[in-house]
Amino acid sequence: MAKAAKPQEEDTRPQLFNEASAVLAGKTWLNGRGSKTANLMVVGLAPTFQDNTEKTVFSRNTDIGRMVAYYLNQVGMPEDGVYYTNVVKYVLPKGKKPAASDIKLCNRMLKQEIELVKPKLILCTGSGVVNAITKANYYPISLTRGSILEYPDLGDAKLMVVHSFEQVARDAALIPAFVKDIRTAVNYVNGIVD
């Protein structure tokens, strides 16, 4: 008597993962994490080596993850109100910045995350993140940092650019402006106008 074939489980991962799997051979794909109903989406440029070890982005067991959690907690943002992700979904070689091909490969996945979560505000950590999301190079952080920006392709979601966590970790002089920006972001998603 022949055994019945086991039904195949449906692949629920975004289509991009399947398309990119050949390119990502040998790389660990790290999806976003957090509440799928979050009003705040924090977007970094790419996972860190520590994220890769933890197998999650912005893990509280990593330096960047602890820093993000600390500052969001300082301004009253609960962890369950945040969704964390990156533009590029895999760790790049140490010291390498994402190439246009890395961003293009992962852009559809990020767009799907934005559509799924429907955040009120996308916190772009650095000009590289906002430029990747908007596909532009006209958002210099010196002119846009801390401001709520509109971008038509994001539906109702707004953008805010802050210094990257890596910059803040390297330069303590940026901390006061960074905390002020994070507070502005949290106030915005909570409907509090300064």
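Below are the figures for this structure:
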| quantity | calculated |
| --- | --- |
| Qualifying residue in region 171-187 (condition: touching a Lys or Arg at 6+ places or on another chain (Cβ under 8 Å) and assigned to a loop (DSSP other than H, G, I, E, B)) | no |
| Within region 160-194, tally of residues that are touching a helix residue (DSSP H, G or I) at 6+ places or on another chain (Cβ under 6 Å) and closer than 23 Å to residue 115 by Cα | 4 |
| Breaking point among (1) at negative phi; (2) in a loop (DSSP other than H, G, I, E, B); (3) under 13 Å from the mean Cα position of the chain (by Cα), for residue 37 | (3) |
| Selection from region 116-148 of residues that are farther than 19 Å from residue 103 by Cβ, within 14 Å of the chain's Cα centre (by Cα) and part of a helix (DSSP H, G or I) | 116, 117 |
| Single condition residue 94 does not satisfy, out of (1) in contact (Cβ under 8 Å) with a residue 24 or more places away in the chain; (2) surrounded by 14 or more Cβ atoms within 10 Å (Cβ to Cβ) | (2) |
| Filter result (farther than 17 Å from residue 27 by Cβ, touching a residue at least 60 places away in the same chain (Cβ under 8 Å) and surrounded by 20 or more Cβ atoms within 10 Å (Cβ to Cβ)) within region 70-91 | 71, 72, 77 |
| Among residues of region 149-180, those that are more than 18 Å from the chain's Cα centre (by Cα) and either under 13 Å from residue 126 (Cα atoms) or open to solvent by 60 Å² or more (accessible area, probe 1.4 Å) (or both), counted | 8 |
| Residue that is modelled with the lowest pLDDT [pool: residues in region 129-147 that are exposed (fewer than 13 other Cβ atoms within 10 Å of the Cβ) and not polar (S, T, N, Q)] | 138 |
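The values are calculated or read from the model by the stated rules, or taken from the named source; none is laboratory data. All figures in this text were calculated on a predicted structure; none of them were measured in a lab. So basically every Cβ, Gly included, is an ideal-geometry build from the backbone, and we count neighbours across all protein chains shown. We work out accessible area using only protein heavy atoms, side chains counted, and drop any ligands, DNA or RNA first. Shrake-Rupley method; radii C 1.70, N 1.55, O 1.52, S 1.80 Å.
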